[in-house]
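Student: Please find one structure pasted underneath; my questions will follow.
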Amino acid sequence: MERGNTKQAILEVSLNLFSIYGFEATSLSQIANAVGIRKASLYSHFENKQAIMDALVKEVLEEYAEHSIFARTDWEKDTENLPLSADDAVRMIRGQIRYILHDPHISKARKMLTIEQFRNTELAKLQTKQNYSDVLKYFTGLIKQLIHRGVLAEYDSEIMAAELCLPISVWSNLCDRQPERETEVMELVEKHIRQFFKIYQPKTL
């Protein structure tokens with residue numbers, strides 16, 4: 001196995017093991033055995049287990065920034081992707097849910113962060129950022145733009161954003177634990193979005 005391929009294999013195996021057993025419960029010997037190399041060989045790629053975790057976090061953050069819609073929050077510039085109807089919002093949000101549930105790196109990283117958030121303060125901050133702060137910021141910016149364009153009536157945009165996104169976050173987390181409920185969750189998400197747009201549609205005189 002080439003050096004570059006071995007290093008990536010170590011990262012892939014480590015993410016899988018960390019997402020199942022957690023960082024502390026996973027040993028370097030387990031990682032080396034799963035990759036098919038000697039433990040001593042692993043040290044030529046990473047100096048210790050923390051270095052593996054650091055590389056994983058960096059890799060996941062880069063993927064998140066490139067592919068997650070929640071990393072894009074400047075709606076004044078990103079008007080091309082602005083969902084101007086319930087249909088648009090359903091397509092966009094369901095697509096994002098499928099991404100976080102089925103992308104092999106992101107889905108495993110989500111599970112890893114869920115485990116590690118109670119043991120590692122830095123990963124706890126990252127968990128809060130990715131699963132709460134960024135999501136709420138994204139939806140608040142979205143709501144403000146939809147109000148500005150007359151798609152939604154004007155109320156407190158942050159509260160509206162919370163009403164829209166937090167149930168979706170809960171349902172997404174449910175799918176992490178019970179993937180067999182994904183179809184049910186997708187139906188609930190669509191109903192929720194359509195009802196939200198209906199409730200907040202501008203009043204006509």
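Student: Compute the helix-to-body angle for 134-148: its Cα long axis versus the longest principal axis of the chain, expressed 0 to 90° and rounded to tens.
Tutor: Compared with the principal axis, the helix lies near 20 degrees.
Student: How large is the direction-averaged shadow of the alpha-carbon convex hull of the range 1-56, in nm²?
Tutor: Average of the hull's projected areas for the range 1-56 equals 3.2 nm².
Student: Compute the angle between helix 157-177 and the longest alpha-carbon principal axis of the chain, please, reported from 0 to 90 degrees and rounded to the nearest 10.
Tutor: 40 degrees
Student: Also, I was wondering about something else. Suppose every K and R has +1 on its Cβ and every D and E has -1 on its Cβ; what is the size of the dipole of the range 1-56 about the Cα centre, in Debye to the nearest 20?
Tutor: 180 debye
Student: So which lysines can K137 reach, going by Cα to Cα under 21 Å and dropping same-chain residues fewer than 8 places off?
Tutor: Candidates past the 8-residue exclusion: K77, K125, K129.
Student: Once you sort the root eigenvalues of the Cα gyration tensor of the chain as a ≥ b ≥ c, which label holds: rounded (a/c under 1.5), prolate (a/b larger than b/c) or oblate (the other case)?
Tutor: The shape class here is prolate.
Student: With a/c under 1.5 counting as rounded, go ahead and sort the range 109-205 into rounded, prolate or oblate using the C-alpha gyration tensor (a ≥ b ≥ c being the square roots of the eigenvalues; past the cut-off, prolate if a/b is larger than b/c, else oblate).
Tutor: Because a/c hits 1.5 or more and a/b fails to exceed b/c, the range 109-205 counts as oblate.
Student: Could you work out [θ]222 nm for the chain from helices alone, using -39500 (n - 2.57) per DSSP H run of at least four and dividing by all its residues? Round to the nearest 500 deg cm²/dmol.
Tutor: -22500 deg cm²/dmol
Student: Apply the Karplus curve 6.51 cos²θ - 1.76 cosθ + 1.60, θ = phi - 60°, to the phi angles in the range 97-108 and return the couplings in whole Hz, x for Gly and Pro.
Tutor: Residue by residue, the range 97-108 yields 4, 4, 4, 6, 7, 10, 5, x, 6, 5, 5, 5 Hz.
Student: Could you list the GluC sites (Glu not before Pro) in the range 113-205 that lie in coil according to DSSP, counting only those with at most 16 other Cβ atoms within 10 Å of their Cβ?
Tutor: E154
Student: Relative to the longest principal axis of the chain, what angle (0 to 90°, nearest 10) does the C-alpha long axis of helix 182-199 take?
Tutor: Tilt relative to the chain: about 30 degrees.
Throughout, read-outs are computed from the coordinates displayed, never taken from laboratory work. None of these values were measured; they are calculated from a predicted model. Reconstructed Cβ throughout: ideal geometry from the backbone, glycine too, with neighbour counts over all protein chains shown.
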